[in-house]
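**Q** What follows is a single structure, and I will ask about it in a moment.
The values are calculated or read from the model by the stated rules, or taken from the named source; none is laboratory data. Being a predicted model, the structure only gives us computed values, none of them experimental. Cβ sites come from the backbone with ideal geometry, for glycine too, and all protein chains shown count toward neighbours.
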Amino acid sequence: MILHVITSFASHGGAQTMLARLLAQSREPALVVPLTEASPRNIALVDNPRVSYAPLGARSALAMPGAAWQLAQLIRRRRPRAILCWMYHAMAIGALAARLAGSRVPLYWTVRQALDDPAALSRSTRAAVRLSRRLSGQAAGIIYNSQRALEQHGAYGFAPARALMIPNGFALPSAQPQPGPARVFGIAARLHPQKDHGCFFAAAALALQRCPELRFAAAGEDVEAGNPQIRHLLAQSGLPPERIELCGELADMDGFYRRIGALVLSSRTEGFPNVLAEAMSHCRPVITTDTGDAAAVAGPSGLVVPPRDPAALAAAMTEMAGWSPERYAAAAQKARARVEERYTLPAIAAAFDAVLNGEALPCAV
């Protein structure tokens, strides 16, 4: 049995999505222990009777010591053959719990975040990063989902001899290309400073001045017209509200990718952005800031700009909007092919299995 410890299994973030994908095809029993909670949506995504859940309900910093003790009791009682911790808070609590349990079970961490812009992280997350650095020598292996994250965490002081890189994996949808050029540019991200929606809205307003026929769409947790923060960011940007569809959190992301002509990532910091590869798997070209491994994921199918630069992001949208139908179609085909060649879920799942089985640690997949 594999014990997965994750900060939360309730949100729709990249770590939760990747864990759900791995669990969905797991043939081995697994226990998922969220420090906070597990959502019915994520449990339904897994849909695997071999997987059980034990949320600890620790929703504050004051509850974390109790969570570590509860987790230690679970480790003693369930005796997993390996422990895999997802995200910084779970990494720190998992290491402390393993020590409290007196366990010799191999402990692995998986880091889903680069350190391009630590100021974009919450105070709690920055504290968890510092604690994880101190405890990193306890891990049998640290799995990073981007090469940049591996290098940055090593430079920050995480145990370098235990580092390996396994990117995210994706199940390929049916290919549904659309005629170009792109006329709807979409962003898919929860509302958080590191995603920099303000930069996207400002860039969209600038691009609209040059290409009045453009439209925009935004999906993600709290990205709704009723959210005062979203209204404030839109007012600051000058983007007319009628030119952007605010979709909020969507259960059908495949439908969102089919509606847009190109995906835009405006983040200040990332690890391996799931949304880029997801859009690419739907034959959609991408525009991304140069954060984490985003540029490596996009490859020749997209355009890369500096983070926190609305003018550069707008210029990229304008450039892509001016592509000929032939160039757009070629970029769409390259996008799909790149995911097929590098990021298919079976290959990524096999790499995780190899690590958890104690086989040679891969440097990359």
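**Q** Quick check on this structure: which one of Arg21, Arg41, Arg59 is among the charged types (D, E, K, R), surrounded by fewer than 18 Cβ atoms within 10 Å (Cβ to Cβ), part of a helix (DSSP H, G or I) and at pLDDT below 95?
**A** Result: Arg41 is the single residue among Arg21, Arg41, Arg59 that is among the charged types (D, E, K, R), surrounded by fewer than 18 Cβ atoms within 10 Å (Cβ to Cβ), part of a helix (DSSP H, G or I) and at pLDDT below 95.
**Q** Assess whether Asp290 counts as being under 30 Å from Ala44 (Cα atoms), of a type outside the set (A, V, I, L, M) and surrounded by fewer than 22 Cβ atoms within 10 Å (Cβ to Cβ). Show your work before the answer.
**A** Values: under 30 Å from Ala44 (Cα atoms): no; of a type outside the set (A, V, I, L, M): yes; surrounded by fewer than 22 Cβ atoms within 10 Å (Cβ to Cβ): yes.
So Asp290 fails the test.
**Q** Buried (at least 24 other Cβ atoms within 10 Å of the Cβ) and either more than 30 Å from Ile142 (Cα to Cα) or not hydroxyl-bearing (Ser, Thr, Tyr) (or both), is that true of Ala298? Explain how you work it out, then say what you get.
**A** Details: buried (at least 24 other Cβ atoms within 10 Å of the Cβ): yes; either more than 30 Å from Ile142 (Cα to Cα) or not hydroxyl-bearing (Ser, Thr, Tyr) (or both): yes.
It is true that Ala298 is buried (at least 24 other Cβ atoms within 10 Å of the Cβ) and either more than 30 Å from Ile142 (Cα to Cα) or not hydroxyl-bearing (Ser, Thr, Tyr) (or both).
**Q** Find the residue count for region 339-353, including only residues that are farther than 26 Å from Leu107 by Cα and either surrounded by fewer than 21 Cβ atoms within 10 Å (Cβ to Cβ) or acidic (Asp, Glu) (or both).
**A** The number of residues fulfilling the criteria is 3.
**Q** Next question, about the same structure. From Ala98, Ala114, Ala92, grab the single residue that is within 22 Å of Pro160 (Cβ to Cβ) and assigned to a loop (DSSP other than H, G, I, E, B).
**A** On inspection, the qualifying residue turns out to be Ala114.
**Q** Name every residue in region 137-170 that is surrounded by 23 or more Cβ atoms within 10 Å (Cβ to Cβ), part of a helix (DSSP H, G or I) and free of Cβ contacts under 8 Å to residues at least 60 places away in the same chain, in order of residue number.
**A** Leu150, His153
**Q** Being in contact with a strand residue (DSSP E or B) (Cβ under 6 Å, 6 or more places away or on another chain) and crowded, with 17+ Cβ neighbours inside 10 Å narrows it down to one of Gly186, Gly198, so name that one.
**A** On the way: Gly198 fails: in contact with a strand residue (DSSP E or B) (Cβ under 6 Å, 6 or more places away or on another chain).
Exactly one of Gly186, Gly198 is in contact with a strand residue (DSSP E or B) (Cβ under 6 Å, 6 or more places away or on another chain) and crowded, with 17+ Cβ neighbours inside 10 Å, namely Gly186.
**Q** Kindly indicate which of Ala67, Ala120, Ala114 is buried (at least 23 other Cβ atoms within 10 Å of the Cβ), closer than 23 Å to Ala149 by Cα and not assigned by TED's automatic domain parsing to the domain that holds Pro307. I'd like the intermediate steps shown before the answer.
**A** On the way: Ala67 fails: closer than 23 Å to Ala149 by Cα; Ala120 fails: buried (at least 23 other Cβ atoms within 10 Å of the Cβ).
The conditions single out Ala114.
**Q** When you scan region 269-278, do you find a residue that is more than 19 Å from Met18 (Cβ to Cβ) and at pLDDT 95 or above, even just one?
**A** no
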